[in-house]
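Before any comments, here is the structure.
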Amino acid sequence: MNILILGSGGREHTFAYKISQSKRCSKLFVAPGNAGTASIATNVELKVTDFEAVKKCVIKNNINMVIVGPEDPLVLGIADYFAETSELKNVMLIGPSKRGALLEGSKQRAKEFMLQHNIPTAAYECFTPSSVEAGKTFLEKLNPPYVLKADGLAAGKGVLIISDLNEAKQELENMLTHSKFGKASSKVVIEEFLDGIELSVFVLTDGKNYKILPTAKDYKRIGEGDTGLNTGGMGAVSPVPFVDEILMKKIEDRIVKPTINGLLKEEIDYKGFVFIGLIKVNNEPFVIEYNVRMGDPETEVVLPRIKTDLVDLLEATYHQTLNNINIEIDERAATTVMLVSGGYPEDYEKGKEILGLENVEVSIVFHAGTKAENGKILSDGGRVLAVTSLDKDFRIALKKSYQNIEKLTFDRMQYRNDIGFDL
Ligand code: AMP
Ligand code: GLY
């Protein structure tokens, strides 16, 4: 079959890498893609939120399956658009409906869903511009630090964790009345701070059945020792070594099953990935967020460990037959280290030539923000490359990634030297 992947990051290059290995795939397209995807698929220049352009691309290239990488098109309803458009309704789109995507598109909705289905999460209340004062009173009742979350999509920047009460009150006002995060903060969820260690669980569901994919832990801060500004993710490790069978059973029973059953009960069409952000407090798992897609850079460590043909898995997802397929996981650990542009996550320059790609051995280099121009590979984003390695021991996998990073350079290249430091 012909397959189209929407998106342009390391996540999408990893999907393309796995799918290009499948005998089931005849022609592979990535839109808009990057220099990495161009080397194994055909890139198509379009905006992933321009559904008309996606439709044209699907028809022109006889696409049978579309995999949606990022959240924006999902939250805007690309799955509903496909279902309602006669020329597209038989195309296998992998991604939840708009109602399903609201689990990521609205923090308030996610919290209400968890409450409704008894899924453990931090206590919370939601406030609007007309209830700023009530929000401040609520803050006074909580213990620091205070967690303020913009309700809508804010490109991963909409969560503030503040230790000072007055500053928290001020930020609440900035979010609600001064649109600190634009429309996304016209509602704010204030929640109890959970003190623990984070991990993520990935689930593939057809809306009835599910498969639990490997766990992963990402490193969001720019600086070593988890310091400095938040980024999209600076590296990841899979599996998460501290997740034993007991914790995994709690996660499955208390979180994964009620989530899938909740979708079913509420008659939400959901054929795609659920990325569950968790925090472990004294060995008890709590949900901090849902994402309705795979993570980046988590995909770069999760997908390389899946041995089952990905196209078979996704086809079963679309046909709601995931219960009939076995998923085989590589026992080895996977690690990835992100190489980013100097200055990221604040201002940075693009267009720097990347050298040394041909010297990488053993590791896999997934392109995140790159483009090919006149035979050269140039940086084209904050996150530029993800260097993934596999080994029985995650520490050795990390060593392989770092050894290969030595061979790669571009002007002002930056990375964290301590991925996995806390494991
Ligand atoms: P979110 O976008 O909801 O994942 O939040 C971003 C980050 O804020 C998370 O990865 C956590 O590190 C942190 N965070 C969110 N909610 C809480 C909470 N209730 N307690 C502690 N940390 C939190
Ligand atoms: N790495 C976090 C995310 O993809 O949201």
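The values are calculated or read from the model by the stated rules, or taken from the named source; none is laboratory data. These numbers come from a predicted model, not from an experiment. Positions of Cβ are backbone-derived with ideal geometry, glycine not excepted, and every protein chain shown enters the neighbour counts.
When residues of the stretch 166-202 are filtered for being of a type outside the set (Ser, Thr, Tyr) and either in contact with a strand residue (DSSP E or B) (Cβ under 7 Å, 6 or more places away or on another chain) or near ligand 1 (Cβ under 9 Å from one of its atoms) (or both), how many remain?
Total meeting the criteria: 22.
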Top-ranked residue in the stretch 86-131 [being β-branched (Val, Ile, Thr) and either within 24 Å of the chain's Cα centre (by Cα) or under 21 Å from ILE255 (Cα atoms) (or both); ranked as farthest from ligand 2 (Cβ to nearest atom)]
VAL91
Filter the stretch 183-202 down to the residues that are among the β-branched types (Val, Ile, Thr) and either within 15 Å of ligand 2 (Cβ to nearest atom) or surrounded by fewer than 20 Cβ atoms within 10 Å (Cβ to Cβ) (or both), then identify the one that is farthest from TYR344 (Cα to Cα).
VAL201
Only one of ILE222, ILE162, ILE190 is touching a Phe, Trp or Tyr at 6+ places or on another chain (Cβ under 9 Å) and without any contact (Cβ under 8 Å) to a residue 24 or more places away in the chain, namely ILE162
Close pairs from the stretch 112-128: first within 16 Å of VAL188 (Cβ to Cβ), partner small (Gly, Ala, Ser) and away from ligand 2 (no atom under 16 Å from the Cβ), Cβ under 8 Å, at least 6 apart
GLU125/GLY135; PHE127/ALA134; PHE127/GLY135; THR128/SER186
Does at least one position in the stretch 367-375 carry a residue that is in contact (Cβ under 8 Å) with a residue 12 or more places away in the chain, touching a Lys or Arg at 6+ places or on another chain (Cβ under 8 Å) and of a type outside the set (Lys, Arg)?
yes
Residue in the stretch 285-295 that is surrounded by the most Cβ atoms within 10 Å (Cβ to Cβ), counting only those that are within 14 Å of ligand 1 (Cβ to nearest atom) and under 13 Å from GLY69 (Cβ atoms):
ARG293
Please determine whether any residue of the stretch 337-346 is surrounded by fewer than 17 Cβ atoms within 10 Å (Cβ to Cβ), at pLDDT below 95 and part of a loop (DSSP other than H, G, I, E, B).
yes
The listed residue being farther than 28 Å from TYR344 by Cβ, buried (at least 22 other Cβ atoms within 10 Å of the Cβ) and in contact (Cβ under 8 Å) with a residue 24 or more places away in the chain, out of THR215, THR205:
THR205
Residues being in a strand (DSSP E or B) and within 11 Å of ligand 1 (Cβ to nearest atom) - total across the stretch 114-125
2
Filter the stretch 149-164 down to the residues that are over 15 Å from ASN230 (Cα atoms) and crowded, with 17+ Cβ neighbours inside 10 Å, then identify the one that is farthest from ligand 2 (Cβ to nearest atom).
ASP151
Is at least one residue of the stretch 143-153 under 27 Å from the mean Cα position of the chain (by Cα) and over 22 Å from LYS183 (Cβ atoms)?
yes
